[in-house]
1. What is the spin-label model distance, in nm, from residue 106 to residue 121 if the labels are put 7 Å beyond Cα along the C-beta direction?
2. Which FRET efficiency value, to the nearest 0.05, do you get for residue 58 and residue 38 by plugging their Cβ-Cβ distance into 1/(1 + (r/R0)^6) with R0 = 41 Å?
3. Kindly provide log₁₀ I(q)/I(0) values, in the same order as q = 0.12, 0.31, 0.32 Å⁻¹, from the Debye equation applied to equal alpha-carbon scatterers of the stretch 82-134.
4. Please find the FRET efficiency linking residue 134 to residue 50, where r is the Cβ-Cβ separation and R0 is fixed at 35 Å, and quote it to the nearest 0.05.
5. Hey, rough spin-label estimate for residue 94 and residue 114, points 7 angstrom out along Cα→Cβ, what's it come to in nanometres?
């Protein structure tokens, strides 16, 4: 009786080589990009929170020495309602909403504006990394 010859099974793996010559599989690149997105999110939101709290601390120290809270709104709210009504008749409610958001933004202190910009940019960049990494 002749015994069959068993050949060893050769598995070929297809890896992507980086420019450095190192080997990385495609799913590892996605996982790496996903991890980078999460790291950007954590660091960016930490930076935005730090900006906010440092600015808040500086603002309370300045406010205690100056007491200038009376001048926070130069135009009384009653005058704004009439202007909003005229704008709404001329351009629509969407334009009034845009103007309200602009007033809200301009009423914010500079440190809060900066913290919101950093947080928004961080969320957009990390979300892009996470979506591409998936």
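Taken together, the values in this text are just the output of simple stated rules run on the coordinates, not laboratory data. Everything numeric here is computed off the predicted structure, so don't read it as measured data. Glycine also receives a Cβ, built like all others from the backbone with ideal geometry; neighbour counts cover every protein chain displayed.
1. Between residue 106 and residue 121, the label points sit 2.4 nm apart.
2. Working: r = 31 Å, r/R0 = 0.75.
Efficiency at R0 = 41 Å is approximately 0.85.
3. -0.48, -1.05, -1.09
4. Working: r = 29 Å, r/R0 = 0.84.
FRET efficiency, residue 134 to residue 50: 0.75.
5. With each label point 7 Å from Cα toward Cβ, the separation is 3.5 nm.
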